[in-house]
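The structure appears below as structure tokens.
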Amino acid sequence: MKLTAFGPKEASILWIEPHRIHGGGQSRALQGPPDEDQLAVALNSLAPGPTFWIVDDLWAPSVLLRDIVELPPGAEAQEAFFRWRYAQHLALDGAHAVQSIKVGEATYLVAGLPQELRDGWLALGARLGRTVHRLVPRWLWLYNRLAPTRELPGMLLSLCPVGGGKYTGTLAAWGRDLALLRQWSDPADAETWVSDRVMTSSAFLARENRSPQELWVWGAPTWPTGALPHHLLQPEIPGSEAL
């Protein structure tokens, strides 16, 4: 009698940024959001089954909502509440699908996508037999892999190159929990990121006794020396991840 070992199921990773789409071990150049044909080619290069989409931070903006002392009763009412607060905080137009998670006392992380975009992606995945099991912004995927392994308070830069040595992206900092989240759609070079974004954020955290002790950088081949010791994260993108 042959026995088959039971192991964790895997979801194939589809990685999408404005300059590239990566899946099935192949990267293809992009110039902005992919169209349906480009997505279909990338999805068809993946193994059959569920997919795990990791997308550019600015396509799925995230925000930390603080001082949420009480939520309305019922799942639908809570979802509507977070949609409203999310759109209000980011000054967004149009309907957005959001997901929220409690990350601290009276603090929630909320991330979202335009509803039409999300529905189109879900429908395409289902039509091709590669259902979307999970969809997260790049910074959150990096944070979940990095922060739990660190003993020191730290800071992560999740960067997307836009040419000319400039980057858009996200700054996330943690101590015991996610402490700060800031995102910039205006491109800046590494020196500007350090002086105007990293150091000002570090000073803000210091006033709250949450000073970061190390800086981790994704998306840049080099990084200038600053007050915080920095580490460059390796740019490899895995082909799959356990469900």
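Read the figures in this text as sums done on the coordinates, not as results from a lab. The structure presented is a predicted model; accordingly, all values stated were derived computationally and were not measured. FYI the Cβ positions are ideal-geometry reconstructions off the backbone, even for glycines, and counts take in every protein chain you see.
In what sequence, highest mean first, do 166-173, 234-241 appear when ranked by Cβ atoms within 10 angstrom?
Values: 166-173: 23.4, 234-241: 11.9.
So the peptides 166-173, 234-241, ranked by packing, come out 166-173, 234-241.
Evaluate the range 25-97: find the radius of gyration of its Cα atoms, find its Kirkwood radius, and give the ratio Rg to Rh.
1.10
What is the sum of charges around Glu17, taking Lys and Arg as +1, Asp and Glu as -1, for the other residues whose C-beta is under 14 Å from the C-beta of Glu17?
+1
Using the Cα centre of the chain as origin and beta-carbon charges of +1 (Lys, Arg) and -1 (Asp, Glu), tell me which of Cys160, Thr131, Ala75 is placed farthest towards the positive end of the dipole.
Of the options given, the answer is Thr131.
How large is the convex hull of the C-alpha atoms of the range 140-240 per residue, in Å³?
Per residue, the Cα convex hull of the range 140-240 comes to 101 Å³.
What is the sum of charges around Arg197, taking Lys and Arg as +1, Asp and Glu as -1, for the other residues whose C-beta is under 15 Å from the C-beta of Arg197?
Charge balance near Arg197 sits at -3.
Compute, for the chain, the length of the dipole vector about the Cα centre, with Cβ point charges of +1 (Lys, Arg) and -1 (Asp, Glu) only. Units Debye, rounded to 20. List each step's numbers first, then the result.
On the way: 21 positive and 25 negative charges, 110 e Å.
The dipole magnitude comes to about 520 debye.
First select every other residue whose beta carbon is under 14 angstrom from the beta carbon of Arg127; then total the charges, Lys and Arg +1, Asp and Glu -1.
On the way: positive: Arg130; negative: Glu36, Asp37, Asp119.
Summing Lys and Arg as +1 and Asp and Glu as -1 gives -2.
If packing is taken as the average count of other Cβ atoms within 10 Å, what order do 48-54, 197-203, 226-232, 144-150 fall into, highest mean first?
Top to bottom by mean Cβ count within 10 Å: 48-54, 197-203, 226-232, 144-150.
Would you calculate, for the chain, the mean residue ellipticity at 222 nm contributed by helices, counting each DSSP H stretch of 4 or more residues as -39,500 (n - 2.57) and dividing by all residues, to the nearest 500?
-7000 deg cm²/dmol
In whole angstrom, note down how far apart the Cα centers of the range 200-243 and the range 53-67 are.
If you average the Cα positions of each part, the centres end up 17 Å apart.
Based on the alpha carbons, how large is the Rg to Rh ratio for the range 60-114 when Rh follows Kirkwood?
Answer for the range 60-114: 0.93.
Once the piece of chain linking Glu70 and Leu243 is laid out straight, how much longer is it, given 0.36 nm per residue of separation minus the C-alpha distance between them?
Extra length available between Glu70 and Leu243 comes to 59.1 nm.
Which semi-axis lengths, in whole Å and largest first, follow from the square roots of five times the eigenvalues of the Cα gyration tensor of the chain?
Working from the Cα gyration tensor, I get semi-axes of 29, 23, 20 Å.
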